[in-house]
Every structure is written in C-alpha cells, then in structure tokens.
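Enquirer: Before anything else, here's the structure in question.
The values are calculated or read from the model by the stated rules, or taken from the named source; none is laboratory data. Given the structure is predicted, the values throughout are model-derived calculations rather than measurements. Counting neighbours? That spans all protein chains shown, and the Cβs are built from the backbone with ideal geometry, glycine included.
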Amino acid sequence: MPKVTVYIPTHNYDRYIVKAIQSVLKQTMTDWELIVIDDGSTDNTKETIREYKTHPKIRIIEQENKGLNVTNNIALRLSNGKYIIRLDADDYFDENILTVLSSVLDTKSEVSLVYPDYYHVNVDDEVIEVVRKKKIGEEVDLLDLHAHGACTMIRKECLLEIGGYEEDFSCQDSYDIWLKFINIYKPYNVNIPLFYYRQHPKSLTKKQEKILDTRRRIKEKFVKKYKNGEKLKVLGIVPVVGTSIYPYGDPFIEINSKPLIWYTLNEVKNSKKLDRIVVSSYDDKVLEYSDQFPGIQSLKRPKELAKAHSSMQEVAVHVINHLRDSSDYYPDAVCILSITAPLRKYKHIDKAIDTLIIFDVDSVISIQEELSYCYFHRRNGLTPVSNSKRHLRIERNAIYKENGAVYLSRTNILEGGELLGNRISHIAMLPEESIKINNNFDIWLAEKIIAEWQK
C-alpha cells in the first residue's frame, strides 16, 4: 500500500505528458504509485504513455472522454494510497513535493488538505513568476481564496467522506472541493514553491467567463446541500438621484435606446435571492418609471437625502426604517445596487448572497483584481502600492478594486453607521461586466459590449 497516489489525467497533452510523468519518477520520496488516465486523447498521447506500461509503479488507464471531474472520481476509486494528489498533464512537480506535503499530513493529524506555492512557467518551461499564497492562520483567517486544484495533497478518507468530486461541473473542481473541505476539515499550506504551473493558450484559466459562472453554480449548490438551503431575507435597494451633478449618472440617459435605470431594474427583478426590492429616489419621474416593473416598490426619500453626495448607508437605513414601521419587515441583509453599473446581472447579486452565507461574513462586494502595478505619490515621487517584485506575485499583496456593482452588508452593519463590516468577502466580475458609467466613453463602451460582445 503506497503512502501517496499521484494521478495524471490527460487529454491531448502529448507535448507535455512525458515531463509530467518524469517529474513523478524523480521524486525524493519513493513511497508512491502513479495512475495515468488518458481521457480520450486524439493526438499521440496513447502511444507516448504506453512506454510506461511496464513500469512497476505506474498504471495506464485508457478511456473515452469523460471530462475532468468524472476522471477525478475514477482516479479516487482506483487509488491505493493514504494520500492522493493530482498532477495536470501540462504541469510538473518539484522533486520534493511529495516529501514535503506528505510530511505535513504525517505530523499534523488535524490537517486534511495541504498545498504549496508554485511557479508559473510558459510553454518553454521558462519561469514567468513565483506565486506566493497567504499563510493560513498567520496572514489569513477568512478562507475565501481557494487552493489550486492540482498539486494539492488530500487525505483519501476525507475526500471520500465529502463524496468526492461533483460531476455536474466540467471545471473548477478545486473550488467545489475547497468549499466542502473547509466546511468540515482544516487546510494548511507551505510557503515553498513546489510545482510548475504552465500558462499556454489551451489553459482553462484563460476561460474566465466559464470559470466565474461555474463558481456561481458551485456556491448555489453548496448552500442547498451543505447549508440546508439557508435563505436570508435580503432587501435590494436601488438608490437613484434624479438630477445628478454628474451628467452621465442621469437615470434616463440612453444606452442602446434604453434608459440607464432600465438595465438595473430589468435584472434585479430576476434575482432568486432578493426578498424585496425598493427603488429609493426623491425624483417623481424615477418613482413613476420604477412602478412599471413588477415586484419593485418605489419609495420617495426625504429631501435631505436627495443630494448626490448623500451616503448609500444613510439611504439604506431610511429604507430599512420605513419598511419596519410600515409593514413590520426587517431584513437580515441589504444589497445596494447602483444604476451606474448597467452590465451587472442578477446572477452576480445571487452569487454575492450565497457568498455571504457560505463564509459567514459581514459584507460582500463586487471586485476586479488589478493586475497592473499601482503606485502612491510619496516624498520622492511614485512608490509601489505593493512591495512585490515584478516576478513575484504574493497573494497578500494582490490589489482588488471595487467596481460599484454590488454592495451587500448585514443590516446591523448599516444601522451601526457603516457601509461595510470588518469581515468582507467578494465576488469577482469580468472587465466587460464591470463598466461603471462616468463619462461618454463608458456609455460608448457599454453600448459596444451589449451590441457585440454579449451576443
């Protein structure tokens, strides 16, 4: 019985598969088995991996194409090891990864999943950057940034206990496993780069829209299955200023022949998780227009809250107090939805609400990760916001910018005088979903995205 089962699922990765296999053979730890599963390749993968068929520690499995998550479960059933770790066919191990990760599980009985830092490499094996992850328990307690799917070592008994991999999803197996694991077990990480993660045009990570939508569906299923379908009373508030000092914040400025306000109201009414929706405005024209949308309530706010600089928190508290006094309604949380984010969809709202439930946080906001180098202006000119070197990406120094599409907070936070609480999670949105209308260019760009990109 080997201590560790390594498995390599491969589909048309003949170019890289030998390097992946050789990186297992070169391990300083020898107590392992390797399962290579050819998932219906149509290139020369079959011929290449058959050369390893006689190796005493390697099993070769050939099957019709079933997809990654089904293949993960096949490997789980076939494995004999106490611990299990996946290596993707286009990546490869550092020679010490099995020694280091298995030692953590050997010596820390409370830990059930362990993962390392890693290198990004290109198609020619040149290191692009080193990716450093936050240290659990020292640098991070809120575990809403998940481990990499491959090259993470897991106790097999624990993986079986949570039911293995969800076969409903074709990608993001790591996100699903992470949510189920942290719900029951303790994860751990080592800040040593121990595998090489390849970036190339076929990488699934390039398909961001599919990734983010799959995470949304994973969260929705997780809440139903592991949170007993927990449902919060969430009030959606659409704050609208009729005569903004910013001309492009006018609710009736047109984008593709529809008023700006239409895009938000047309989406919020489709949310499955908003319990109630209120448009708050001092402008009668806005309130009359909003009344056309079924399920949306209009509320005239007082004149002192009608100014463009009135805070969202103050407007929200006014709505909360009104509903409590007029209909004995009091929400668990409030989602503030600005009309200047017209490309936000109802799925982003629902995903934020599921995120609030899963991670039990005070607030959730919508963000984009800022990958460009950012600077402060100091005494001697520009100083980098992050201390990371250009070829060292450190998770703790990542910069996230809010896009203004979703602000979700528990009601007590807003009533306490704050828009956001201390524990803040996030949902990521794509650049083409994050357009905020500030000027004529933003209107032009939004029109182009709606007319051409989203088709």
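Enquirer: Give the residue that is surrounded by the fewest Cβ atoms within 10 Å (Cβ to Cβ), with candidates limited to residues of region 387-426 that are at pLDDT 95 or above and part of a helix (DSSP H, G or I).
Expert: Per the stated criteria, the residue is N412.
Enquirer: If you scan region 283-307, which residues turn out to be of a type outside the set (S, T, Y) and assigned to a helix (DSSP H, G or I)? Don't jump to the end; show me each part of the working.
Expert: Here is the first cut: in region 283-307, the ones of a type outside the set (S, T, Y) are 283-288, 291-297, 299-307.
Those that are of a type outside the set (S, T, Y) and assigned to a helix (DSSP H, G or I): D284, K285, V286, L287, E288, K303, E304, L305.
Enquirer: Look at V70 and say whether it is modelled with pLDDT under 95, in the same structural domain as M153 (by TED's automatic domain parsing) and in a helix (DSSP H, G or I).
Expert: yes
Enquirer: Among the residues of region 303-336, what is the count of those that are farther than 23 Å from L232 by Cβ and exposed (fewer than 12 other Cβ atoms within 10 Å of the Cβ)?
Expert: Residues of region 303-336 that are farther than 23 Å from L232 by Cβ, as a first pass: 303-311.
Subset that is exposed (fewer than 12 other Cβ atoms within 10 Å of the Cβ): 303-304, 308-309.
Residues meeting the conditions: 4.
Enquirer: Mind checking which residues of region 67-85 are closer than 18 Å to D176 by Cβ and in contact with a strand residue (DSSP E or B) (Cβ under 8 Å, 6 or more places away or on another chain)?
Expert: G67, L68, T71, N72, I74, A75, L76, I84, I85
Enquirer: Go through region 91-127 residue by residue and tally those that are surrounded by 23 or more Cβ atoms within 10 Å (Cβ to Cβ) and acidic (D, E).
Expert: 1
Enquirer: Of the residues K82, K134, which is under 20 Å from R59 (Cβ atoms), surrounded by fewer than 21 Cβ atoms within 10 Å (Cβ to Cβ) and touching a helix residue (DSSP H, G or I) at 6+ places or on another chain (Cβ under 8 Å)?
Expert: K82
Enquirer: I'd like to verify a number: residues in region 412-446 that are more than 24 Å from the chain's Cα centre (by Cα) and among the polar types (S, T, N, Q), how many?
Expert: 4
Enquirer: Being crowded, with 18+ Cβ neighbours inside 10 Å and assigned to a loop (DSSP other than H, G, I, E, B) is the filter here; which residues of region 346-383 pass it?
Expert: V361, D362, listed by residue number.
Enquirer: Determine whether region 78-96 contains at least one residue that is within 19 Å of the chain's Cα centre (by Cα) and closer than 23 Å to T30 by Cβ.
Expert: No, every residue in region 78-96 fails to be within 19 Å of the chain's Cα centre (by Cα) and closer than 23 Å to T30 by Cβ.
Enquirer: I've got another one for you. All but one of (1) in a loop (DSSP other than H, G, I, E, B); (2) crowded, with 17+ Cβ neighbours inside 10 Å hold for N65; state the number of the condition that does not hold.
Expert: N65 satisfies every listed condition except (2).
Enquirer: Also: Checking G229 against (1) within 27 Å of K273 (Cα to Cα); (2) in contact with a strand residue (DSSP E or B) (Cβ under 9 Å, 6 or more places away or on another chain); (3) modelled with pLDDT under 95, which single condition isn't satisfied?
Expert: Looking at each condition in turn, G229 falls short on (2).
Enquirer: Give all pairs with beta carbons closer than 7 Å in which a residue from region 213-226 that is over 11 Å from D176 (Cα atoms) and without any contact (Cβ under 8 Å) to a residue 24 or more places away in the chain meets a residue that is among the hydrophobic types (A, V, I, L, M, F, W, C) and not in a helix (DSSP H, G or I); count only pairs at least 6 apart in sequence or on separate chains.
Expert: Nothing qualifies.
Enquirer: Here's a follow-up. Being at pLDDT below 90 and either more than 22 Å from L87 (Cα to Cα) or not in a helix (DSSP H, G or I) (or both) is the filter here; which residues of region 172-197 pass it?
Expert: The one that is at pLDDT below 90 and either more than 22 Å from L87 (Cα to Cα) or not in a helix (DSSP H, G or I) (or both): Q172.
Enquirer: Counting just the residues of region 111-136 that are closer than 12 Å to N191 by Cβ and outside any strand (DSSP E or B), which one comes out farthest from the chain's Cα centre (by Cα)?
Expert: Per the stated criteria, the residue is K135.
Enquirer: Does region 254-265 contain at least one residue that is over 28 Å from E209 (Cβ atoms), surrounded by fewer than 17 Cβ atoms within 10 Å (Cβ to Cβ) and not hydrophobic (A, V, I, L, M, F, W, C)?
Expert: No; the residues of region 254-265 include none that is over 28 Å from E209 (Cβ atoms), surrounded by fewer than 17 Cβ atoms within 10 Å (Cβ to Cβ) and not hydrophobic (A, V, I, L, M, F, W, C).
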